[in-house]
1. Test Val16 against the criterion of being assigned to a loop (DSSP other than H, G, I, E, B) and modelled with pLDDT of 70 or more, and give yes or no.
2. Within the range 95-115, can you find the residues that are of a type in the set (A, V, I, L, M, F, W, C) and either open to solvent by less than 10 Å² (accessible area, probe 1.4 Å) or at pLDDT below 85 (or both)?
3. Within the range 82-94, count every residue that is open to solvent by 10 Å² or more (accessible area, probe 1.4 Å) and of a type in the set (Gly, Ala, Ser).
4. Hey, any hits in the range 22-36 for a residue that's at pLDDT 85 or above, of a type in the set (Val, Ile, Thr) and closer than 22 Å to Ile187 by Cα?
5. Quick one: in the range 33-44, of everything that is in contact with a strand residue (DSSP E or B) (Cβ under 8 Å, 6 or more places away or on another chain) and of a type outside the set (Asp, Glu), which residue is nearest to Ser207 (Cα to Cα)?
6. Which of the residues spanning the range 175-211 are open to solvent by 10 Å² or more (accessible area, probe 1.4 Å), among the polar types (S, T, N, Q) and part of a loop (DSSP other than H, G, I, E, B)?
7. I'm checking my understanding of the structure. Among residues of the range 143-174 that are assigned to a loop (DSSP other than H, G, I, E, B) and open to solvent by less than 10 Å² (accessible area, probe 1.4 Å), which one is nearest to Ser100 (Cα to Cα)?
8. Step by step: first the residues of the range 129-142, then only those that are closer than 22 Å to Thr98 by Cβ and free of Cβ contacts under 8 Å to residues at least 24 places away in the same chain, then the one that is least open to solvent (accessible area, probe 1.4 Å). Which residue is that?
Amino acid sequence: VYVLMSVEYYDKEQNVSQSKILLKSPFLASKRLLETVGVSIQFEQDYKRLYSRSDDGIQPHTDDTVILADAEAAISSSSASQLLDWVEQGGFLIIAVTASQSIDSHRANALLKQLEVGVTWLINEDILFEDFEQQISSMSDPQGHPIEVGLESSYRITFPDKVEPHYGVKNEDGYTFVQLERGQGLITLMTEIDIWDNWQLDKHDNSILML
């Protein structure tokens, strides 16, 4: 599993009693969890390494999983096309369709543009983010058992009406999780992957969704 993250440094207040290791590796718990089932996970901090011809470039195989953690990060048209070709051949792509309320926050992401994927917000001038009550996403695990996951729900994922989802989680407001078949592979769109960080992995059934 490759997890590609767009890293931006900023000041944030944290509880100094927390382990420095957990703060430095926010998905360490998920890494340890996957190791128990024989799955290795590699974190990368630069999207530009994807399909790069440099010595440290990432060239995923069709039995790999690629997780894109930041939909507002820039992805070139070339990288987007290569990713979609890889999915066609059997790759498993997970896209965290993260968003901010700035206009056209996905303007530099050629992958979302090619897929015609976006978001619609449920909060506005009348409903502020801090007043919004997050909703739990109810879905089924691969064995068909019901689970509840704490996905971001202040906005919903949009995609073309002509596209028939392989699987989706929605209510009257729209989708928080959707899977789209493409060739021999699968694209999973979810509103965030922070449900798998060290502080949320053990909440609800978030860990089951990772497995």
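1. Details: assigned to a loop (DSSP other than H, G, I, E, B): yes; modelled with pLDDT of 70 or more: no.
Spelling it out, it is not the case that Val16 is assigned to a loop (DSSP other than H, G, I, E, B) and modelled with pLDDT of 70 or more.
2. Keep residues of the range 95-115 that are of a type in the set (A, V, I, L, M, F, W, C), which gives 95-97, 99, 103, 108, 110-112, 115.
Of everything in the range 95-115, those that are of a type in the set (A, V, I, L, M, F, W, C) and either open to solvent by less than 10 Å² (accessible area, probe 1.4 Å) or at pLDDT below 85 (or both) turn out to be Ile95, Ala96, Val97, Ile103, Leu111, Leu112.
3. 1
4. Applying the first criterion (at pLDDT 85 or above) to the range 22-36 yields 26-36.
Then drop every residue that is not of a type in the set (Val, Ile, Thr), which leaves 36.
Now restrict to residues that are closer than 22 Å to Ile187 by Cα: none.
No, the range 22-36 contains no residue that is at pLDDT 85 or above, of a type in the set (Val, Ile, Thr) and closer than 22 Å to Ile187 by Cα.
5. Kept after step one, since they are in contact with a strand residue (DSSP E or B) (Cβ under 8 Å, 6 or more places away or on another chain), are these residues of the range 33-44: 41-44.
Going one step further and asking which of them are of a type outside the set (Asp, Glu), we end up with 41-43.
Working: Ile41: 15, Gln42: 18, Phe43: 18 Å.
The extreme case among them is Ile41.
6. Residues satisfying the conditions are Gln184, Asn198, Gln200.
7. As a first pass, look at the range 143-174 and keep what is assigned to a loop (DSSP other than H, G, I, E, B): 143-145, 150-154, 159-166, 172-173.
From the residues that got through so far, the ones that are open to solvent by less than 10 Å² (accessible area, probe 1.4 Å) too are 151, 153-154.
Numbers: Leu151: 15, Ser153: 13, Ser154: 11 Å.
It comes out as Ser154.
8. To start, the set of residues in the range 129-142 that are closer than 22 Å to Thr98 by Cβ comprises 129-139.
Pick out the ones that are also free of Cβ contacts under 8 Å to residues at least 24 places away in the same chain and you get 130-134.
Numbers: Glu130: 138, Asp131: 112, Phe132: 36, Glu133: 148, Gln134: 83 Å².
Here the answer is Phe132.
The values are calculated or read from the model by the stated rules, or taken from the named source; none is laboratory data. Keep in mind the model is a prediction, meaning the values are calculated, not measured. Glycine gets a Cβ as well: all are built from the backbone with ideal geometry, and neighbour counts include every protein chain shown. Ligands, DNA and RNA are stripped out before the accessible areas are found, and what is left, the full protein with its side chains, is counted by its heavy atoms. Shrake-Rupley method; radii C 1.70, N 1.55, O 1.52, S 1.80 Å.
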